[in-house]
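Some notes on the structure that comes next.
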């Protein structure tokens, strides 16, 4: 009995991490840094770009989180229809809907050196962790040869230690949602000022990955950074970041945002916006379909995140990349599948049929897409201005330091300066992790 | 287990040596499959967790680890985060188990009465216990979400229940009490049903009031059942994880021994430190259960001997 209890504790612990974004959308995570700081990976296997041209015949397995949109099943079916006659097949394996569980499932397979997932749909924040454990093929030759095909920002999410570890698959970025008749968001300051007159802005302020994204969107726009260029120390406690946090904190104090946002994740912010009491909502692209119904049908607008007055613009990237397991028996075929996933036809289907953000720019100019996806131009703009969260093997600790302290500041328990100072020292000790 | 060993061991000295030896061998033979099973499923994971807790595993270099001895334990015990998790866990355990026992006893007494609709009442009372804890947590989160949750609507307030101390912990305690009082009620109901009616009748004949019958008959005879319920609930409460995880992600004064260990082990992938925290929780649970058996378990034996 007592032993059993102990085991229960240990096994409880064998659960996992939350990625940015809602579990309901399953695709709203975000991440990366252009600097790719703080670590080096050597000795990983590199896959030549030509490996996909005529790989050994066979079947690869594509592992992904629960296919709530149907995009994965569609892509696998299309792949088999196109290449089945040549002897190339793909299987679909679905993991649970929770990002934590997907990460755990993949980690368990990699720790067992199992090739049972040839291609894995990896949340954009997992790149540094997986690659530093040498679980992934280095895909630098393929990515550098094809870089011009992709929107630039998502490439940052697969960039770590000077190499590329995956192929972009789907992306995501946040919008400011507002109703017809309200001012088009121009600057964050203006959004907060207008929000005060129209009930307020709701966003995700609970202490979890989502808040890291919400805060970094403002901080990056204000010109702030999280890590130094070499990735070795924190630069979170900067005047720019303090300014961004002060705007958020004073927004709550002065009634531009309800105090309750400090407990909101995506579903709560959606419900709050649905009450009609709030003028603005910050959420991922999936929220368009959620709110473009009922009284708001046709009156909902989505705007790319605005400028921070006196500085620039930013978004935080979500989405998934196709990564190839270092234990795959047929990595060439795996790359062929990842390449197929990123092809214009599949990307067009992803945005048109499954409301996912495509990672190649041409799709956004496609007449069919422009007709069916009213927010396509704004989405392309949001992705173009996007930045990645820090790519670091200790990212979970970095994010935790950010969201717990930012939440403390939002709830008024500490000042913005004190919060960032504490987060700064916590990130520095996280970077010193063995 | 201890009593079984006593019974088996007691007759041995009176028997002849050779026979007792072969019997012992037979006993070993018959017990060994289950012992091996226990070793595999229970002992091995614990030993492995202890092994993990004495090392640190690099999060940046694949496969790199180093022996750190008791460092993970000392750093956990001296960390303010772990200490406040311990503090929250103790507060949660003491308050929730006390409330659950009192409410559960009341429910059991109500369910014990014979009346029309008794079956229905028993079923209804058990519903919260049948609900998954995670579902309970989501329900309570919806109720208390601010500002449009129905609690705020009823009270006409805009309180951010889950965003400030001590409300967040209070709501977690309430949710736990709501969910597990029926479990205690069920255990106590079973205890009530084995108390013979003639004792009550004899007391009535002697002129005992209802209160006297409750205090002098029901409570003492129910004590073993209450103690079993207390042990179950206390050990469970010390491991509380799902409610704070869903309701507040273990923040705003609701971190517990399990949430902080999970955060460290799984989220931050600090396997050594996380395992040390899990072992510390394990030790605390062990100590509490030893305490119960020592002080309370003796009581149970004493009462059954009477």
Take every residue in peptide A:331-343, count the Cβ atoms of other chains within 10 Å of its Cβ, and give the average of those counts. 0
With angles folded into 0 to 90 degrees, how steeply does helix A:188-197 sit against the dominant principal axis of chain A? Use alpha carbons for both and round to 10. 60 degrees
What length, rounded to one decimal in nm, is gained on full extension from residue A:92 through to residue A:74, with 0.36 nm per residue of separation minus their alpha-carbon distance? 5.5 nm
More than 33 Å apart - percent of Cα-Cα pairs taken over chain B: 45 percent
Ranked A:213, A:117, criterion: other C-beta atoms within 10 Å, fewest first: A:117, A:213
For region A:354-434: Kirkwood Rh in Å [reciprocal of mean 1/r, alpha carbons]: 15.6 Å
Distance in nm between pseudo-label sites at residue B:295 and residue B:155 (7 Å out along the Cβ direction from Cα): 3.4 nm
In the protein assembly as shown, if every C-alpha pair distance is counted and binned at 10 Å from zero, what percent goes to each bin? 3, 13, 21, 22, 18, 12, 7, 4, 1, 0
Restricting attention to the alpha-carbon atoms of region A:327-382, what are Rg (one decimal) and Dmax (integer), both in Å? 13.5, 43
Can you put B:124, A:235 in order, fewest other beta carbons within 10 Å first? B:124, A:235
Acute angle (nearest 10 degrees) that the helix A:71-83 long axis makes with the longest principal axis of chain A, alpha-carbon atoms: 30 degrees
Taking the Cα atoms of region A:92-155, report the difference between the largest and smallest coordinate on each principal axis, in whole Å and largest first. 34, 24, 23
Partner chain Cβ atoms within 10 Å, averaged over the residues of A:260-267 - can you pull that number for me? 6
Give the span of chain A's Cα atoms along each principal axis, as three whole-Å numbers ordered largest to smallest. 64, 55, 49
Hey, fewest Cβ within 10 Å first, where do A:151, B:260 land in order? A:151, B:260
Candidates A:107, A:60, A:360; GNM for chain A (alpha-carbon contacts under 10 Å) flags as most fluctuating A:107
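Can you show me the helix-derived [θ] at 222 nm for chain A, built from DSSP H runs with n ≥ 4 at -39,500 (n - 2.57) apiece and divided by the number of residues, rounded to the nearest 500.
Counting only the DSSP helices, I get -12000 deg cm²/dmol.
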Hey, what number do you get for chain B at 222 nm if only DSSP H runs of n ≥ 4 count, each worth -39500 (n - 2.57), divided across all residues, to the nearest 500? -22000 deg cm²/dmol
Where in region A:60-95 is the amide nitrogen less than 15 Å from a point lying 7 Å along the Cα-to-Cβ axis of residue A:45? A:60-61
Antiparallel as a % of all DSSP beta bridges within the protein assembly as shown, to the nearest 5? 65 percent
Report, as an integer, the average count of C-beta atoms from other chains found within 10 Å of each Cβ along B:245-257. 3
Specify the angular offset, from 0 to 90 degrees and rounded to the nearest 10, of the alpha carbon long axis of helix A:239-253 from the longest principal axis of the alpha carbons in chain A. 60 degrees
Residue B:118-residue A:108 pseudo-label distance in nm [points 7 Å out on the Cα-to-Cβ vector]: 4.6 nm
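Quick note: the coordinates plus some simple rules give every number you see, no bench work behind them. Keep in mind it's a predicted model, so treat the numbers as computed, not measured. When we count neighbours, we look across all protein chains shown, and the Cβ atoms used for this are built from the backbone with ideal geometry, even at glycine.
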